[in-house]
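Scroll down for the structure; my scribbles are underneath it.
The values are calculated or read from the model by the stated rules, or taken from the named source; none is laboratory data. All values derive from a computational prediction rather than experimental measurement. As a convention, Cβ positions derive from the backbone with ideal geometry for all residues, glycine included, and neighbour counts pool all protein chains shown. Just the protein is used for accessible areas: all its heavy atoms, side chains included, with ligands, DNA and RNA removed. Shrake-Rupley method; radii C 1.70, N 1.55, O 1.52, S 1.80 Å.
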Amino acid sequence: MRHFGKKACRWICLSVLLAILLPAEMKVHGQAPYHTLTQGPNGYLVYTQDAYEPGSLLNPDLKSPEDLFYYNGKLYIADTGNARILVMEGEEVVQEITSEYLTAPSGLAVTQEYIYAADYGAREILVFHHDGSLYTRIGKPQEKVFGENSAFSPVKIGVDKRGNLYVVSEGSTSGVMQLSIEGNFLGYFGSNRTNTSLMMILQRTFFTQEQLDKLFKNIPSSVANIAVDELGLMYTVTQGQNAGEQGQSIRKLSIAGADLISPGYYSHGFVDVAVDRNMNIYAVDSWGTVYEYDSYGNIIFAFGYVDTQMQRIGLVSSAAAIDVSEDGTLYVLDKGKGIIQEYEPTDFARKVHLGLSDYMNGKYAEAEQNWQEINRANTAFLFSYEALAKASFKRQDYTQAMDYYRVAGNVSGYSQAYWYARNQWIEKNLTWVMAALILLWAAAKLVRRLNAKKGFLAPVEKMGRRLGEIPFLQQLKVMKLMLRNPFDGYYTIHHEEKVSVLTATFLYLWLIVLQITDLYVTSYLFNQTDIAYVNLGAVIGRIMLPLLLFVACNFLVSTISGGEGKFKHVYCGTIYALSPYLVFLLPLQIVSNALTENERFFYEFGYLLIMGWCVILLYLMVQEVHVYSVSETIKNICVTVVTMLLFLLAAFTLYLLGQQLWQFVVSIYKEVALRV
């Protein structure tokens, strides 16, 4: 009992000491109830450290709130169900704005002069002074260009620095309405696009107006919400799968209405968008997932999850709006619970934001240490490689910049760094290379003259002639004949039969090797395939399956149509028709490592030249091996292609039938096993 009393006394003293030392307002964060994703190498989303931790829950007794807006340290909330606008500072409500004209505020925007409220219930825009007094009401525009029958149902609003209003009207497919502060209609802005398919073009061409009226209208999706940044650029979000497929789920629009970003990751259910002072973009979908992008549309973080009756801090049941404060705290309005969830940035997120700010301002070298720390914390954070590449490039370490750009997947940056690295190498080694070439040329000329007088290379030349007499090497030399005179080459294959199946099979294997060297030897600028994700069987199958199927189908078709070639001739002739590919592709792959993106033409022209040459030789193979006329050759090739397609269709049908048969056998086995 005495021992227990001593232990209790120690615990009490420790508790009192902690109470004295710890700050009274210290917030304690639990583990975030969601995962955070970021973009990793190759563009895939990967898990990363928590970027935001759940902060305070603000519960000012809201009823069906629709929007919020953060301005100058205060949070403005459209409390739609209670027909009021609340102003909060910290966790306290400091102002309540009501009016006899305010019935159902659903959208807010705040400037230094006014508070703007889009009132869906009143079909008006109400403008208040900051003291809560009503300044003006803006109703439906009266201009004829707006249209007498056009509906005016404002649900969201944004205001630029010139005082122009951007209004989202429910169901409007023409885009965002642009109004002056006096309510004058200035036009539509930022309308979404529509996709026109071939079927739609044919319908418009051949259908009557009555038939067209019965079809579904191909109209653009309505904008769901907007935001306007400090530069006057507008951001919109649009819901629906169709908007996502057209790249319109989230848009950043220039003053001329052009798209400035094209995010690779987005949600079909975005409900709101916000922009911070560094031009980072935040969007939230109705399921509570928050997406953060940089000013170029690259995804930085994605986190959050819908609350399925777990009532956990950090989860929302039905998100309606989002905004961000000066210090990076996010506010997400939960319409379902009638609360506001704060998300506070972690140290990792603050480092990333600092790095992004320096990057956007061109301070690459100054931010290098910060990005190195971010990279050490998470080596899969893609943007860190982009920033480190810029820093390395600025200090003229082009080789390291190339490595970083390659991980970041930035082909243009890699090419630019390589161009400078190549120039550095040429400036440093050109003299030595030229001297070495001159010495080699002089040595070769000297050896040739001495050999002509002394003949000391006669044994080597004799050995070379003996090697040239080996049947395998003689058969390989037929490729040289194919390049110079294909008619003589096919005569050698068909009539003289100087090419064996074994040699042809070796060339087929060399063709497979070239597919592998294309992955390892070709410059990154012309082949961005990640070897870690390559299915070697698929790579080999893509080239060998069509080729062998052509050999089999061409032989079958030629047998029926009077062709003279045997299967051996078709098998050997086909691979020898690819002689330009077999001979020149590897040198082209090697040369690609000396080219930049601006010199892509030389690589692509060389590749197209090789492929075109092979097509001509393949045509000549069918003509010469089967002894066809021009018309018979073309007919044979067309029938061969159709036969190949029929074989593929038959194989696919058998595969489906096999799958169904296997499922049937498995179901019978399970049924018997259960009954026994």
Is it the case that the range 595-606 has a residue that's without any contact (Cβ under 8 Å) to a residue 24 or more places away in the chain, more than 33 Å from the chain's Cα centre (by Cα), in a helix (DSSP H, G or I) and within 22 Å of I575 (Cβ to Cβ)? no
Restricting to the range 98-132, count the residues that are under 17 Å from A83 (Cβ atoms) and either open to solvent by 60 Å² or more (accessible area, probe 1.4 Å) or part of a loop (DSSP other than H, G, I, E, B) (or both). 12
Among the residues of the range 79-91, is there at least one that is basic (K, R) and assigned to a loop (DSSP other than H, G, I, E, B)? no
K140 versus (1) in a loop (DSSP other than H, G, I, E, B); (2) buried (at least 21 other Cβ atoms within 10 Å of the Cβ): which is the lone unmet condition? (2)
Could you give every pair whose Cβ atoms fall below 7 Å, whose first residue belongs to the range 409-425 and is of a type in the set (V, I, T), and whose second residue is open to solvent by 30 Å² or more (accessible area, probe 1.4 Å), counting only separations of at least 6 or pairs across chains? V411/Q528; V411/E597
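Residues are listed down the side, and each one gets a yes or a no for (1) loosely packed, with under 11 Cβ neighbours inside 10 Å; (2) in contact with a helix residue (DSSP H, G or I) (Cβ under 8 Å, 6 or more places away or on another chain); (3) of a type in the set (F, W, Y); (4) over 20 Å from M544 (Cβ atoms):
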{"position": "V570", "(1), (2), (3), (4)": "no, yes, no, no"}
{"position": "I575", "(1), (2), (3), (4)": "no, yes, no, no"}
{"position": "S579", "(1), (2), (3), (4)": "no, yes, no, no"}
{"position": "L585", "(1), (2), (3), (4)": "no, yes, no, no"}
{"position": "V591", "(1), (2), (3), (4)": "no, yes, no, yes"}
{"position": "C614", "(1), (2), (3), (4)": "no, yes, no, no"}
{"position": "Y628", "(1), (2), (3), (4)": "no, yes, yes, yes"}
Search result, residues across the range 360-378 that are among the polar types (S, T, N, Q) and part of a helix (DSSP H, G or I): Q369, N370, Q372, N375
Just name the residue that is farthest from the chain's Cα centre (by Cα) out of those in the range 344-397 that are open to solvent by 20 Å² or more (accessible area, probe 1.4 Å), of a type in the set (A, V, I, L, M) and over 17 Å from R277 (Cβ atoms). A365
Of the conditions (1) of a type outside the set (F, W, Y); (2) under 52 Å from the mean Cα position of the chain (by Cα); (3) open to solvent by 80 Å² or more (accessible area, probe 1.4 Å), A452 satisfies every one except a single condition; which number is it? (2)
Name the single residue that is farthest from T98 (Cα to Cα) among those in the range 143-155 being open to solvent by 20 Å² or more (accessible area, probe 1.4 Å) and in contact with an Asp or Glu (Cβ under 9 Å, 6 or more places away or on another chain). A151
Do you know which residues across the range 380-414 are in a loop (DSSP other than H, G, I, E, B) and out of contact with any helix residue (DSSP H, G or I) (no Cβ under 8 Å at 6 or more places or on another chain)? R395, D397
Going by the structure shown, is I281 within 19 Å of the chain's Cα centre (by Cα) and at pLDDT 95 or above? yes
List the number of the failed condition for G297; all other conditions in (1) open to solvent by less than 10 Å² (accessible area, probe 1.4 Å); (2) in a strand (DSSP E or B); (3) within 27 Å of T111 (Cα to Cα) hold. (2)
Looking at the range 499-526, which of its residues are crowded, with 16+ Cβ neighbours inside 10 Å and not in a helix (DSSP H, G or I)? V499, V521, T522, S523, Y524, L525, F526
Across the range 510-566, what is the total count of residues that are over 35 Å from the mean Cα position of the chain (by Cα) and not aliphatic (A, V, I, L, M)? 12
State all residues of the range 454-501 that are farther than 25 Å from V625 by Cα and among the aliphatic types (A, V, I, L, M); if no residue qualifies, say none. L457, A458, V460, M463, L467, I470
All positions within the range 28-53 that are assigned to a strand (DSSP E or B), crowded, with 22+ Cβ neighbours inside 10 Å and not polar (S, T, N, Q): Y52
K670 vs. criteria assigned to a helix (DSSP H, G or I), among the charged types (D, E, K, R), surrounded by 13 or more Cβ atoms within 10 Å (Cβ to Cβ) and more than 34 Å from the chain's Cα centre (by Cα): no
Would you mention how many residues in the range 491-549 are of a type in the set (D, E) and either at pLDDT 95 or above or under 30 Å from E564 (Cβ atoms) (or both)? 2
Anything in the range 404-419 that is surrounded by 17 or more Cβ atoms within 10 Å (Cβ to Cβ) and either under 14 Å from E599 (Cα atoms) or not polar (S, T, N, Q) (or both)? List them, or say none. Y404, Y405, R406, V407, A408, G409, G413, Y414, S415, Q416, A417, Y418
Regarding L618, is this residue closer than 30 Å to Y520 by Cα and open to solvent by less than 50 Å² (accessible area, probe 1.4 Å)? yes
Consider D61 carefully, then state whether it is loosely packed, with under 14 Cβ neighbours inside 10 Å and in contact (Cβ under 8 Å) with a residue 12 or more places away in the chain. yes
Considering residues of the range 64-78 that are within 25 Å of V316 (Cα to Cα) and part of a loop (DSSP other than H, G, I, E, B) only, the residue least open to solvent (accessible area, probe 1.4 Å): P65
Considering residues that are open to solvent by less than 10 Å² (accessible area, probe 1.4 Å) and aliphatic (A, V, I, L, M), the number found within the range 271-294 is 6
Is it the case that G573 is over 19 Å from C614 (Cα atoms) and modelled with pLDDT under 95? no
Does the range 659-671 include one or more residues that are more than 21 Å from A504 (Cβ to Cβ) and charged (D, E, K, R)? yes
Exactly one condition in (1) closer than 30 Å to Y414 by Cα; (2) charged (D, E, K, R); (3) buried (at least 18 other Cβ atoms within 10 Å of the Cβ) is not met by K335; state its number. (1)
Subset tally (residues that are of a type outside the set (S, T, N, Q), assigned to a helix (DSSP H, G or I) and surrounded by 19 or more Cβ atoms within 10 Å (Cβ to Cβ)) for the range 552-568: 3
If a residue has to be more than 19 Å from Y508 (Cα to Cα) and in a helix (DSSP H, G or I) to count, how many in the range 461-485 make the cut? 9
Condition check: under 20 Å from M611 (Cα atoms), small (G, A, S) and not in a loop (DSSP other than H, G, I, E, B). Does G537 satisfy that? no
